[in-house]
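Report on one structure; see the data block that follows.
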Amino acid sequence: MEKMKVSGFTFVRNAIKYDYPVVESIGSILPLCDEFIVAVGNSDDGTRELIESIASPKIRIIDTVWDDNLRTGGKVLALETDKAFSAISPDSTWAFYLQADEVVHERYRDPIATAMKKWKGDPQVEGLMFDYLHFFGSYDFVGDSRKWYRNEIRIIRNDKQIHSWLDAQGFRKNEKKLRVVPAQAAVYHYGWVKPPANQQAKLESFHKYWHNDQWIEKKVAKTETFDYTGIDSLAKFNGTHPAVMQHRINEKNWEFPYDPALRNHSLKSDMLHFIEKKTGWRPGEYRNYRLVGGKLGRP
């Protein structure tokens, strides 16, 4: 039987300064991987040493330099993703991608491994689709409005015709959407759970990869801490977090008071939200993929 090899890959820059859970992210899927490529961008906060501290023989660091002059649509994030993807071993079957603020719960490892084995011999399947939980403000709430994407590709075939798309949200092959199947697993996205000062600093930095200085001067609030109160709608999270995140949760040192009953929605948004909760259908949803064999199933 043909052996299945799995390569993990990610990119990161200034993980300490902006409080990315990149060590937890890598650790959450490292048991599923035979190797793990980390593209470490030019940082000024000891990020490379942080990745080295994981001390796993599976990890291979490649040093990269971000193009700080590239300030359109977050394209630099896709370029950094592609640098990591291009460095994985040519004999790998699957490439498992996580961004530095994404973590997979350990309860999904077996379903993910099963899915990769099931589909490895079917060239029609170019990737595996994951559900998403977007945490916001604290570890107790998740975004439940239409502004949050519900699914994205995080495992792809080791096919160098595949490349990161737009701002590294997903992938395309020869500019076409990938054919995918559900992984029956979820990604826990913690990009909006940071101390308010770290969150504000991250946003100020990352806006530079989407917009020019004039836009930032006009649109980005001049403040030292991020205001979490402007969110439209959140739901209480009643599940468990990945074990690798528990120390961060225990050390959380800021308060995020929120009442889920206080929904900041228009009447139209409320109607669409009601339809989605009742049927699972999200009218007008953008999907950066093509499903093989029908609709998504939830893990």
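Here are a few things to note about the model shown:
- Only residues that are among the acidic types (Asp, Glu) and either under 22 Å from the mean Cα position of the chain (by Cα) or modelled with pLDDT of 90 or more (or both) were counted across the range 228-268, and they come to 2.
- All conditions but one from (1) of a type outside the set (D, E, K, R); (2) loosely packed, with under 11 Cβ neighbours inside 10 Å; (3) modelled with pLDDT of 85 or more apply to residue 286; the one that does not is (3).
- Residue check for residue 112: closer than 17 Å to residue 11 by Cα and at pLDDT 95 or above: no
- Single unsatisfied condition, residue 161 versus (1) over 21 Å from residue 11 (Cβ atoms); (2) surrounded by fewer than 17 Cβ atoms within 10 Å (Cβ to Cβ); (3) not hydrophobic (A, V, I, L, M, F, W, C): (1)
- Check on residue 276, at pLDDT below 95, closer than 18 Å to residue 149 by Cβ, among the charged types (D, E, K, R) and part of a helix (DSSP H, G or I): yes
- Answer residue from the range 199-223, given it is polar (S, T, N, Q) and surrounded by 18 or more Cβ atoms within 10 Å (Cβ to Cβ) and is farthest from residue 19 (Cα to Cα) among those: 200
- Of all residues making up the range 1-57, the number that are assigned to a loop (DSSP other than H, G, I, E, B), of a type in the set (A, V, I, L, M, F, W, C) and over 21 Å from residue 76 (Cβ atoms): 5
The values are calculated or read from the model by the stated rules, or taken from the named source; none is laboratory data. Quantities reported herein were computed from a predicted structural model and do not represent experimental measurements. Positions of Cβ are generated from backbone atoms using ideal geometry, with glycine treated the same way; all protein chains shown enter the neighbour counts.
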